[in-house]
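Colleague: So that we are looking at the same thing, I have put the structure below in structure tokens.
The values are calculated or read from the model by the stated rules, or taken from the named source; none is laboratory data. Note that the structure is predicted; figures quoted are calculated from it, not measured. Using ideal geometry, Cβ is built from the backbone for each residue, glycine included, and neighbour counts are taken over all protein chains shown. For accessibility, only protein heavy atoms count, side chains too; no ligands or nucleic acids. Shrake-Rupley method; radii C 1.70, N 1.55, O 1.52, S 1.80 Å.
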Amino acid sequence: MDRFIPKLNALKLCSFDWVKSVEDVWTLSPTDAPALQAPALAEFSLDLMGLLTQESALSPPGIVIAGPGGSGKTHLLSRFAKTVFQNGGYFFLADFSDLDDALETVARGVVKSLLTPIPALEGRAQISRLLEKILSFLKLRIPPGLKTRYHSREPSLVAGDATKILARLAPLYPRETLEHQDALRTVLLLNSPDPELARHGQNWAQGFPLTRESQQIAGYRGSRGEAARLLAGFFFFLSLGGEISVLAVDQLDGLLSLERVLARAGPVDDPQGQLAAARSAFADVSDALGKLPSLTRRCLTVLSALPLTWESLETHSPNASLERYRRPPLYLSPLRDGTEAEALIAGRARPAAHKAGLAAPYPSWPFAPEALQDAVGLYPRELLALCHGIVRRKILQEDVRDVATLWETGPAPLAVSSPAAPGKAPSAPGAAFIPTAGDGLFVAWEESPRPPAQEEENWVDSREPAAERAPEAPLGPRPAPEGGPFMDDGETSDSPYPSRLPESPAAGDETPSDPIAELEASFRALWETGETDPYKEENAGERLWPRALAELLETFQNDYNARGNARLALDAGLDGPEDSLGLLALAKGPPGQPPDKELFLRVLTAEDPGAFAAKLRLSLDRAGIARKDRARRLLVLRFTPKPAGPAVAEIIEEFSSRGGIFGKPSDQDIAILAAFLKIKAVTPRAALAPWAKALQPWNKVLFLREALSWLS
């Protein structure tokens, strides 16, 4: 037993720390995996090399890093910072967590970045390095006690040094010296370790009115600072001697809440000013971002955001302010091969094994290299969270065996119980599924009894070769489902796809031991007895089935990308209680390139003619479909007939001329979506992914089949 102790200790010491904060940008973790997002890092390095070698002081076009949560955006910014510091440059971070005045937010971020001790600079702050660079460029002697030179005992040193520096600078840059002299005084004050003196510089940098005392101490010419002046001044001094900078703008995703306000906008009054406030915020942010390349010098601006955030900025920006950013964005991809996954896990497992005194058989122990092949298609945070759960269970069970596959470890999938035992009242049809006690790692579920099973065909994937399909069983009578793929109001389905659902195993049949088969049995039982009401609501009116549609498409995207096909990227935005789902965009194409095909889906339940027309037009505009386009398709889903009226007739005619299609989901489709949502809510990713890969539940939803077949 003693030989197991080092392994168990190694498991306990292994930390997967998958949640990063924006402040982690300054510290490159010792568990860093350089191979992650290598294409984006290569693009950035190329831009940085161009910045280092260019003769002009102008800033180049900015770049956009787009990726879902957990794709490694913060980690990538940390890599960018390390690369910049290695090349003698400066790195700044503007945090837009609070949607305040945008330029002031950037200015605050620059000042905070200048004052932050940087591990890569041996704990020095960039502000002291900046002052030394200015003095060195002007061939002025750097005092030996520069770090402690400015203090409240001799405040006149600040004004005196400012005068000397400006006098040496004026012959070289007369206009800039006059324009940016107060920014230099702020640099001197911010270098002071004396809080009293530093406060005067911070007040000017934050735009607060200066007292007469503050103006006299440093010799300020203006009574208050302005964000644009501060940025222009700081970056002028930063660029002296050919120094380069990178300005990263992060946490822009708070704009999505405002985007939802605009997406709901119709031809209605705005008594509370919400629409005006949302438009103003988008205008302020886009205007500030557009000004950054012109306010800075020799500085590369990097925007980090969710794909939908960048799309919203482009959609709602009132002018061409974002034209200074390169298209398309650098899209972050999920893990592409087992080598990337192994590097990510080894960076955390290797130090833990070393501390525990364990001679691990391989760097990623306990995760065997072949097990990490299962991680292809996952994003880094998903893999780290998955491995954390596996290690935690192994510790609780004192299990030190190697992990041979990511999918064999974890909670068992849903086990569908047989009909109620004699004497036990069955749950009412349609009742919620109630978890009952299991043995810690298992969850059992009760459900209402099902009608006797009928003989029906085995469900097969339409993509499987005919030779591999299971023999078909005799078909029993069953009515065709209502609706179908791409059908309009009043039409009937003539789809070539199967209209029958597979039956779940009959009562008394032995439950399959295969976890995938068990999940499939649960899935079948859920959709047979589950919810078919499209207007079923949950959580303050949010309809269930649109959310299920978004999550099902996300699962399809992950499976598609894991198969090594051309990259699929999904953008989804929730609209709020009325429609629950905004515009879903599923794009196919290589990362970093314009998509080859784009499929857009919109759930549109509005009954008011004006609101219906406005939302339909907004969907067309956001999808960017100006005419019938072979590379783009827009599918609008609704259950009821379209509202009447001249405005509606006009937009429907335009919608049809641009190749738009209306779809009406069937009861069967709704039941399958509801079943998928319940399965996903209680099944860990480790069990869900291989089940989805085997069963492909998106092919069970009739209105999706043709659309996804066209896309893929």
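Colleague: Of everything in region 682-697, what is outside any helix (DSSP H, G or I) and closer than 15 Å to LEU386 by Cβ? Give them in sequence order.
Modeller: Once the filter is applied, which keeps residues that are outside any helix (DSSP H, G or I) and closer than 15 Å to LEU386 by Cβ, region 682-697 yields THR683, PRO684.
Colleague: Continuing with this model, one more query. Taking helices (runs of 4 or more DSSP H) that fall entirely within region 114-201, which contain at least 3 residues that are farther than 22 Å from GLU226 by Cα?
Modeller: 126-137, 156-169
Colleague: Quick one: would you say ASP95 is touching a helix residue (DSSP H, G or I) at 6+ places or on another chain (Cβ under 8 Å), in contact (Cβ under 8 Å) with a residue 40 or more places away in the chain and surrounded by fewer than 22 Cβ atoms within 10 Å (Cβ to Cβ)?
Modeller: yes
Colleague: Enumerate the pairs (first residue in region 687-704 and touching a residue at least 40 places away in the same chain (Cβ under 8 Å) and within 13 Å of GLU551 (Cα to Cα); second residue anywhere and in a helix (DSSP H, G or I) and open to solvent by 10 Å² or more (accessible area, probe 1.4 Å)) with beta-carbon separation below 7 Å, excluding pairs fewer than 6 apart on the same chain, so at least 6 apart or on different chains.
Modeller: From region 687-704, the pairs are LEU688/LYS680; ALA692/THR555; ALA692/ASP559.
Colleague: Evaluate the following for LEU189: is it without any contact (Cβ under 8 Å) to a residue 40 or more places away in the chain, over 23 Å from PRO117 (Cα atoms) and open to solvent by less than 10 Å² (accessible area, probe 1.4 Å)?
Modeller: Spelling it out, it is not the case that LEU189 is without any contact (Cβ under 8 Å) to a residue 40 or more places away in the chain, over 23 Å from PRO117 (Cα atoms) and open to solvent by less than 10 Å² (accessible area, probe 1.4 Å).
Colleague: Only one of these is farther than 24 Å from SER304 by Cα and part of a helix (DSSP H, G or I): ALA359, ALA349. Name it.
Modeller: Working: ALA359 fails: part of a helix (DSSP H, G or I).
Only one candidate qualifies: ALA349.
Colleague: Since ASP32 meets every condition but one in (1) part of a helix (DSSP H, G or I); (2) closer than 26 Å to ALA343 by Cβ; (3) of a type in the set (Asp, Glu), which condition does it not meet?
Modeller: Looking at each condition in turn, ASP32 falls short on (1).
Colleague: Then there is this: So ARG336 clears everything in (1) in a helix (DSSP H, G or I); (2) open to solvent by 50 Å² or more (accessible area, probe 1.4 Å) except one condition, right? Which one?
Modeller: The one condition ARG336 does not meet is (1).
Colleague: Mind listing just one residue for me: the one in region 238-269 that is touching a helix residue (DSSP H, G or I) at 6+ places or on another chain (Cβ under 6 Å), under 22 Å from LEU300 (Cα atoms) and assigned to a helix (DSSP H, G or I) and, of those, modelled with the lowest pLDDT?
Modeller: This residue is ASP253.
Colleague: State yes or no: is TRP365 open to solvent by less than 30 Å² (accessible area, probe 1.4 Å) and over 16 Å from VAL249 (Cβ atoms)?
Modeller: Yes; evaluated as a whole, the condition is true for this residue.
Colleague: What's the number of the condition VAL158 fails, among (1) open to solvent by 10 Å² or more (accessible area, probe 1.4 Å); (2) modelled with pLDDT under 90; (3) of a type in the set (A, V, I, L, M)?
Modeller: That leaves (1) as the condition not met.
Colleague: Same structure again: Using the structure shown, decide if ILE134 is farther than 14 Å from GLY207 by Cα, more than 28 Å from the chain's Cα centre (by Cα) and open to solvent by less than 20 Å² (accessible area, probe 1.4 Å). Give the steps one after another, and end with the answer.
Modeller: Numbers: farther than 14 Å from GLY207 by Cα: yes; more than 28 Å from the chain's Cα centre (by Cα): yes; open to solvent by less than 20 Å² (accessible area, probe 1.4 Å): yes.
The answer is yes for ILE134.
Colleague: Report the residue count in region 686-712 for those that are out of contact with any Pro (no Cβ under 9 Å at 6 or more places or on another chain) and farther than 18 Å from ALA521 by Cα.
Modeller: 5
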